[in-house]
Structures are given as structure tokens and as C-alpha cells.
Amino acid sequence: MSASFFIHVGEIFAVRNVSFYLNRNETLAIVGESGCGKTVTVKSIMRINPEPPFKIKEGNILYNDSDIVPLTNKEMQAFRGKEFAMIFQDPMTCLNPTMKVGKQITEGIIKHQKTSFYEAKEIALDTMRICGIADPEKSFNRYPHTYSGGMRQRIMISMALCCKPKILIADEPTTALDVTMQAQILELMNGLKKQTDAGILLITHDLGVVARMADRIAVMYAGEIIETGNSRDVFYSPKHPYTWCLLASMPDATQHKGRELTAIPGAPPDLFMPPPGCAFAARCTHCMPVCKKIPPPEYNFEGNHISRCWLYDARAKKPEPPKIRRKLEEKIA
């Protein structure tokens, strides 16, 4: 799928040739720097990017072998909440402050399951209990501002799960939460995935969360997916130089106190004018002349591990992963 934002100064090539799949009872994590297109991609699945200025230019979004791209907004309402649901990034602003928690949760139940308010309330209370909300009967009649950030996140998870969606999209579900609450939210999501047999699409730049949650990983950069594979392959045997840099930038608790953190030099390309070749070429220490001119093809490795990098061309010199990555591997092992 390729999609852009068309604004008065030109076209922003936000998502370019993105392709992935998600199975039942599986967690796929999409990782990358802020601004790389992760949220735009998943909002395209929900079809909640504003159209216009947003437009899906090429490709399909297949759900149970049916393409949802041609569907109107009214037709998509039958899918949102029922077939796929989304936990948004900021629980502080995504809940309506003028509506009680119970009404916000029951709206989707009444619409999709055609129940009465009282039946919807029982379903909502059961979901709130599963999500660890204390005293759900009392919480049902409270306003969002009376809760902490972690409890608001649980309310949003309750809203997403009340209709038992087949796909749960979690966009930075642990942002702005303390470490203890992060662990509780991740444990809750893992447990609910097993109970409902849903697939989870996890959007994050926190590789610690990815290591704990993901079955498979898709690494995204400048609107493109540049590497995919199962978690072990991507963490222990990454193939793309950008993935090497991401792993090297993870803080190491064992490193010397005075040692500087590793950073990726440079900045991502301007998506008003994406580079003709590899998007990471300008920041890559392994860059070759061909990288700046021609987009790299996909190279396949064991276990359906795929990377888009010219280093694996038969004519290229065999890449040597940086030593810092090897130290990281030893730490993870």
C-alpha cells in the first residue's frame, strides 16, 4: 500500500509500498523512529485518516480476503470496533471529558451488538473487570478526569475489547506511564490476546516492549518497511544497517557511567521529496553508490526473514555488523 497527504504546498509521501500480514493470536510490532509512518499506516487500516487530505494511492488492505479500501466511511463503521479496534496513543486526550466512562464504553456495544442499554452495561462491566478496573459498578458512572493515566489506559482497552474485535491495534499503549503500570498493561494485553484469540498490531519505538510482546517485528523507516522477521531473528541476527543502529541505541545498564549513549547521526529524509534510492543511505556508514540511486530489492533469509538492503547483493562486500550489536546480543542472551 502507498498513501500520501495532499496539502497546499505539495504531496507528502507518508507510506510507500508497505506490506505485512497479521495472524490470529499473534503480535506484530511495527518499530521505528517518530515520524516514520507507523501511526499513519495503522490508521489507514481503520480508515480514520482524514480523507482529504489523506489518500490511499495504490494497493489493497485485505481483511478475510476482502479489500476494504473501496468502502465508504459509513460502510467502514461496521468494521470499526467490531472487527478491528484501536487503543490510541494518549489516554489523557482520547476520552471524551464530558461523558461518563460507562456511556463511552457502551456506545460501541449498543451499535454493533444491537443490545439494550442494560445488556450493554453488563457486557461493559464484565470487560472492565477483565481489564483490572477496581469497582467497575462505581467506575461506570465516573468521568475520565477522575482517573490516573494508567487507569484511563485500562478504560481505553475496555472500550477496544468490549465487542471482542479480531484485530487489536495498540498505538504506543505504554506512553507516559510509569514502569510498574507499563508492565501491568503489557501483561493485560498478552492475557487478553490468549483469551480472545485476537491478533495484536503493536506500534512502538520502545524495543524493550517489543522484546516482551512481539512474535514478529517489522522495522519501518521513512514510510517504508525495510526489515521483517520473527523477534529472535530481528533481535539476534538483524540484517539492515538501520536495525543495527536501533539496537545499538538501546541504553545498556552495564555500560560505564561516563560513556555517551549511541545515537544515529543525521536526520530522516524529507518525505516531500523522498530520495530515489534507499531512504537510509544518507545516514548509513555502509552506503554504496547504488544505494543513492536505486531502491534496494528484498533479500530473503531463513525463517521468512526479509531485508531491503544492497549489502546482500552478490556483488557487494559481505557486511560486518558493528561490535556494539554483538555486545547487545550477549546481554539479551
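Tabulated data
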{"read-out": "Of all residues in segment 52-68 being assigned to a strand (DSSP E or B) and open to solvent by less than 100 Å² (accessible area, probe 1.4 Å), the one that is farthest from VAL18 (Cα to Cα)", "value": "SER66"}
{"read-out": "Total residues in segment 104-134, condition without any contact (Cβ under 8 Å) to a residue 12 or more places away in the chain and touching a helix residue (DSSP H, G or I) at 6+ places or on another chain (Cβ under 9 Å)", "value": "9"}
{"read-out": "Residue in segment 260-276 that is modelled with pLDDT of 90 or more, crowded, with 18+ Cβ neighbours inside 10 Å and part of a loop (DSSP other than H, G, I, E, B) present", "value": "no"}
{"read-out": "Checklist (1) farther than 28 Å from ASP206 by Cβ; (2) touching a Phe, Trp or Tyr at 6+ places or on another chain (Cβ under 8 Å) applied to GLU83, failing item", "value": "(1)"}
{"read-out": "Given (1) within 27 Å of GLU33 (Cα to Cα); (2) without any contact (Cβ under 8 Å) to a residue 40 or more places away in the chain; (3) out of contact with any Gly (no Cβ under 9 Å at 6 or more places or on another chain); (4) not hydroxyl-bearing (Ser, Thr, Tyr), number of the condition MET181 does not satisfy", "value": "(3)"}
{"read-out": "Contacts under 7 angstrom Cβ, first residue in segment 184-207 being open to solvent by 60 Å² or more (accessible area, probe 1.4 Å) and outside any helix (DSSP H, G or I), partner modelled with pLDDT of 80 or more and among the polar types (S, T, N, Q), 6 or more apart", "value": "ASP197/ASN25; HIS205/SER34"}
{"read-out": "Output for segment 98-148, where each listed residue is open to solvent by 10 Å² or more (accessible area, probe 1.4 Å), more than 22 Å from LEU186 (Cβ to Cβ) and of a type in the set (A, V, I, L, M)", "value": "MET99, ILE110, ILE123"}
{"read-out": "Elements of type helices (runs of 4 or more DSSP H) contained in segment 105-183, each with 3 or more residues being more than 25 Å from the chain's Cα centre (by Cα)", "value": "117-130, 136-139"}
{"read-out": "Residue list for segment 7-35, filter: touching an Asp or Glu at 6+ places or on another chain (Cβ under 6 Å), part of a loop (DSSP other than H, G, I, E, B) and closer than 24 Å to ARG212 by Cβ", "value": "ARG24, ASN25, GLU26"}
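The values are calculated or read from the model by the stated rules, or taken from the named source; none is laboratory data. Nothing here was measured: the structure is a model prediction, and the numbers come from that model. Here the Cβ is made from the backbone with ideal geometry for all residues, glycine too, and neighbour counts use every protein chain on show. Accessible surface is based on the protein model in full, side chains and every heavy atom, while ligands, DNA and RNA are left aside. Shrake-Rupley method; radii C 1.70, N 1.55, O 1.52, S 1.80 Å.
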